[in-house]
1. When the gyration tensor of segment 201-320 is built from Cα positions, what are the square roots of 5 times its three eigenvalues, in whole Å, from largest to smallest?
2. Give the aspartates and glutamates whose C-alpha is closer than 18 Å to that of Lys27, dropping any in the same chain fewer than 8 places away, or say none.
3. Return the whole-Å distance between the Cα centroid of segment 102-129 and the Cα centroid of segment 244-322.
4. Please report Leu58, Leu258 as a ranked list, fewest other C-beta atoms within 10 angstrom at the top and most at the bottom.
5. For the chain, give me the percentage of DSSP beta bridges that are antiparallel, rounded to the nearest 5 percent.
6. Here are several values of mean projected area of the Cα convex hull in nm²: (1) 17.4; (2) 18.3; (3) 15.6. Which one was derived from the coordinates shown?
7. Return the ratio Rg/(2.2 N^0.38 Å) for segment 1-96, where Rg is computed over Cα atoms only.
8. Students often check this: by mean Cβ neighbours within 10 Å, which of 107-116, 88-97 ranks highest, and how do the rest follow?
Amino acid sequence: MSILIYAESAEGKFKKVAFELASYAKKVAETLGTTVTAVTVNAGNVSDLSKYGVDKVLKVNSEKLAGFTAKAYADVIRQAAEKENVKLVLLSSTTDSLYLAPLVAVALNAGYASNVVGLPLSTSPFQVKRNAFSNKAFNITEIATDVKVLGLAKNSYGVFENGSSLAEEDFSPAIGENDFGVKVQSVEKASGKVTIADAEIVVSGGRGLKGPENWGMLEELAGVLGAATACSKPVSDLGWRPHTEHVGQTGKPVAANLYIAIGISGAIQHIAGINSSKVKVVINADADAPFFKVADYGIVGDAFEIVPKLTQKLKEFKAQNS
């Protein structure tokens, strides 16, 4: 059962999820006694993939694919899978890949399991463990089709170096005009140093910060931690922060190793979107805020007193250990 992964990139550079997916695929490949092939679209230097176990890269470079179009990208992955005669296709759970995976599965007549959180429990029958009900439960899914498509939940496996020799091959799939029924007019990008999609740590603010003029202390904390900044839906609706930072069930899903919520009460939709984060810390003046019920650590108090002190302590700790 050979394995194909779609290694996502942005502006020619691989996203962290590409390395996590490669690490996961390598481990599965070792169990199955097979190899890992990656398909890339307009990526630059692909050699980094070999550090995480990729044996072969199919490099697709096309001006037509400069902007993401789900149908066209899915067709590229389908053709790569058919070329390599693969039986297992792996994608991540980024916004793009969540669009892609069902299209790829239909094109390959494959069974599809999303939100996979661990290595296959069994290969005969093929079974995987998945998040379900907005990350409130798990289920075991069995896929009986010849070709299988999996969507790996972000930060559910980790990134592990496992070097291999890499073969690079230019791949020119047939790209028809029918693949571009939806045209991309513009792309809104976050301007921060760390994107929410790639962040290990996310520092998020809500209406408890009282206004956009107070976001400086949150950004300072994020800078010390090397974290991405985020916000709740009301904050983006009010225009305090850009919509690219809105996280939650109706915004961007977050699966960070550490999620710090400052001045966020914890609406159901927000919690559902960040619930797969490993450690959740809440700072809120309201001791009855719903977020405390799901938090791993909670601090009841004034964020305008707590956050600056926390930032200063972290700066001192970093200085002592640098």
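1. Numbers: eigenvalues 80, 48, 42 Å².
Three semi-axes, in Å: 20, 15, 15.
2. Within the straight-line cut-off, Lys27 pairs with Asp48, Asp55, Glu161.
3. 33 Å
4. On the way: Leu58 25, Leu258 18.
In order of increasing Cβ crowding within 10 Å: Leu258, Leu58.
5. Details: 12 of 56 bridges.
Antiparallel: roughly 20 percent of the beta bridges in the chain.
6. (1)
7. On the way: Rg = 12.3 Å, N = 96, 2.2 N^0.38 = 12.5 Å.
Against the compact-globule rule of thumb, the ratio is 0.99.
8. The most tightly packed comes first, giving 88-97, 107-116.
Throughout, read-outs are computed from the coordinates displayed, never taken from laboratory work. These numbers were taken from a predicted model, which means no experiment stands behind them. Every residue, glycine among them, receives a Cβ derived from its backbone with ideal geometry; neighbour counts consider all protein chains shown.
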